[in-house]
Amino acid sequence: MIKTVPTKPYTDQKPGTSGLRKKVPVFQQEHYAENFIQSIFDALDGFQGKTLVIGGDGRFYNREVIQKAIAIAAGNGFGKVMVGQGGILSTPAASNIIRKYKTFGGIILSASHNPGGPHEDFGIKYNAGNGGPAPEKITDAIFAKSKEIKSFKIADVGTVDIDTIGTVKAGDMTVEIFDPVKDYAELMESLFDFDALRKLFKSGFRMRFDAMHAVTGPYAKEILEHRLGAPNGTCRNFTPLPDFGGHHPDPNLVHAKHLYDEMMGPDAPDFGAASDGDGDRNLIIGKSIFVTPSDSVAMLAANASLAPGYKDGLKGIARSMPTSGAADRVAEKLGIGIYETPTGWKFFGNLLDAGMATICGEESAGTGSNHVREKDGLWAVLLWLNILAARGESCKQIVTEHWATYGRNYYSRHDYEEVESDRANALVDELRAKLGSLPGTSVRGLKIAKADDFAYHDPVDGSVSKNQGIRILFEGGSRVVLRLSGTGTSGATLRVYIERYEPDKARHDLDTQEALADLIAAADDIAGIKSHTGRNKPSVIT
Ligand code: VG1
Ligand code: CO
């Protein structure tokens, strides 16, 4: 029943910030997906007879690749695969299943916040036995295998019914189709005070959750409306669609502008939230206040002990380097460790496994904790709700009080999307070359204290990851960070992160772009953003 099929390597299967992402037509090339899945297995050992979790965010091509993954897993000798019903499994739910059932690892099919459809994006990533994204050592090995692959092993198992819960055989391998929501909902129930949340909704608290036609819909519907009693209609766009209704399932102020507008409107609900394609990101908007993701990490960490799952406090906080320093001030006050990692959740795994960090976060709307090894959109929403219920205050009160206590980190990210790769690389190369000469010079009245290319020394395994983003640090603590995205699928995306700390309470209600205007101008003077990209403004401002 097992065939060895000859194949030729593709040269472009290098995993990025979070797995391999390409346009669907690229994935549809002959053996493209098969090659990558076989390369994952070729980079691992010891899985004979073990269990693999498989699921995805429901985007176009999900069901086809799930069938391929099942057949190749059988061909390579896995004993069992666990597949979310309908091929559905959010990224955090997959991480939970891997951990809860102590499986060997998992394959998650998603291009996350990128759009879906026949001409849009698809992705494949591998998560290891701790439930977290494969570390660089493994993704490098997968890429190396993909460049020398000669054949893949596939079992002739026909089309497996992935829509009916139960257990079937695929050749010698067992296939278990399970409810993708149940275990995750139970995990949330173990962390948060569901009684208090039920009371909150009963008291008339109004919430809007926008699943953006992506994978979080079924999870949000079950947890918010069914288990917590939020009124029918609290969740919107909750049916996962292969093309996400033609939208980008990216919960930010551009792609979730309708939610922002509603939350700023006259009859706004008390609390608004949204999640991305694969359910690991969160957008938080209170009634007439937007909470930046960097602030959200800090505020969740400062208040986490109000939720039962964190009542004993936090061991430490970790944030990616471009994320604002708001969380650092919370860690300092709590007297716990703070860790600064490169962009991408894979770098948090060691800190979480070692018990050094409890809460982690990224400026890109990703927050999570040691309950799984991925960022977790709905988890962040539920922790916010638990804090709102416990404090009995509005989101806006909590935010303004936080700023008054810790100061405010004005923060924004400017993205220049689909820039020609050569032009983006030239910008980075030129900037890198002059980093040594920048300290001591002034731009727009701002004195540069330090300029470097961030390198991460993992305190747990000693590994070093270089070139993780260029930092320009000004005297007084303001900074600009520039890096190229590792999740895009056409051209290059330049990300410019801008931050300024404001201790003065009287200056906490400025417009963010105005508060950062001198730094934005300085970034252009230093890096030549407009001239290199040929753009006079960013494609997306968050
Ligand atoms: C982006 C974000 C990063 C996040 C990654 C995956 O990466 O900046 O913080 O971890 O997406 O998120 P990049 O390399 O494009 O900047 V998800 O929700 O798309 O898996
Ligand atoms: Co995501």
Binned at 10 Å from 0, what are the whole-percent values of the Cα-Cα distance distribution for the chain, short to long? 4, 19, 30, 27, 15, 5, 1, 0
Could you give me the ³J(HN,Hα) list for the range 437-454, computed from phi with Karplus coefficients 6.51, -1.76, 1.60 and θ = phi - 60°, whole Hz, x at Gly and Pro? 8, 6, x, x, 8, 10, 10, 6, x, 9, 8, 7, 8, 7, 9, 7, 10, 5
Among K80/K466; K68/K145; K257/K447; K23/K100; K221/K315, the pairs whose Cα-Cα distance exceeds 30 Å are K80/K466; K257/K447; K23/K100; K221/K315
Using 5 Å bins from zero, what percent of all Cα-Cα pairs in the range 33-145 falls into each bin? 2, 13, 25, 26, 22, 9, 2, 0
Under a 5 Å amide H to amide H cut-off, with H placed in plane at 1.01 Å, what residues pair with V540 once short-range neighbours are removed? D415, E417
Which FRET efficiency, nearest 0.05, do A455 and D156 yield, Cβ-Cβ r, R0 45 Å? 0.40
In nm, what is the difference between 0.36 nm times the number of residues separating D163 and Q48 and their Cα-Cα distance? 38.8 nm
Could you tell me the distance between the Cα centroids of the range 377-423 and the range 51-78, to the nearest Å? 35
Sorted by packing (mean other beta-carbon atoms within 10 Å per residue), highest first, where do 304-312, 61-69 land? 61-69, 304-312
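For the peptides 459-467, 34-42, 409-417, what is the packing order when you average, over each peptide's residues, the other Cβ atoms within 10 Å and list the highest mean first?
34-42, 409-417, 459-467
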What ratio of Cα Rg to 2.2 N^0.38 Å holds for the range 286-373? 0.99
For the range 347-367 and the range 284-333, what is the separation of their C-alpha centers, rounded to whole Å? 12
Using r as the Cβ-Cβ distance of E340 and K311, and R0 as 22 Å, what FRET efficiency do you calculate, to the nearest 0.05? 0.25
Measuring from its Cα centre, the range 1-149 shows a charge dipole (+1 at each Lys and Arg Cβ, -1 at each Asp and Glu Cβ) which, in debye to the nearest 20, is 320
Would you mind telling me the antiparallel percentage of the DSSP bridges in the chain, rounded to 5? 70
Scalar couplings 3J(HN,Hα) for the range 57-69 by Karplus 6.51 cos²θ - 1.76 cosθ + 1.60 (θ = phi - 60°), nearest whole Hz, x for Gly and Pro, are 8, x, 6, 3, 5, 4, 5, 5, 6, 4, 4, 4, 5
State to the nearest 20 debye the size of the charge dipole of the range 454-503 about its Cα centre, where the only charges are +1 on K and R beta carbons and -1 on D and E beta carbons. 200
Compute the distribution of all C-alpha to C-alpha distances in the range 389-532, in bins of 10 Å from 0, and list the percent of pairs in each, rounded to whole numbers. 10, 34, 31, 20, 5, 0
Along Cα→Cβ, 7 Å out, is where each label goes; now give me the distance between the ones at S190 and D140 in nm to one decimal. 3.5
Phi-based couplings in Hz for the range 72-84 (Karplus 6.51, -1.76, 1.60; Gly and Pro marked x): 6, 4, 5, x, 9, x, 5, x, 7, 10, 10, 10, x
Taking H placed 1.01 Å from N in the peptide plane, check which residues at least 5 places from S151 or on another chain put their amide H under 5 Å from its amide H. T7
Cβ crowding within 10 Å averaged over residues, with 285-291, 158-164 ranked highest first: 285-291, 158-164
Counting only helical runs of four or more DSSP H residues, what would the 222 nm mean residue ellipticity of the chain come to if each run contributes -39,500 (n - 2.57) and the total is spread over all its residues? -9000 deg cm²/dmol
Long-range amide H partners of R208 with built H, under 5 Å: F271, G272, A273
Quote the relative contact order of the range 1-147 in percent (integer), defining contacts as alpha-carbon pairs under 8 Å separated by 6+ residues. 34
Excluding residues fewer than 8 places away in the same chain, name every one of the aspartates and glutamates whose C-alpha is closer than 13 Å to that of K137. D458, D461
Separation between Cα centres of the range 448-511 and the range 96-170, rounded to whole Å: 31
Kirkwood Rh, Cα atoms: Rg over Rh of the range 195-292: 0.96
Positive end of the charge dipole of the chain (Lys, Arg +1 and Asp, Glu -1 on Cβ, about the Cα centre): tell me which of H31, T239, V460 has its Cα farthest that way. V460
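Values quoted throughout were computed directly from the atomic coordinates according to the rules given, and no laboratory measurement underlies them. Note that the structure is a prediction, hence the values are computed from the model and not measured. Methodologically, a virtual Cβ is constructed for each residue, glycine included, from the backbone with ideal geometry; neighbour enumeration extends over all protein chains shown.
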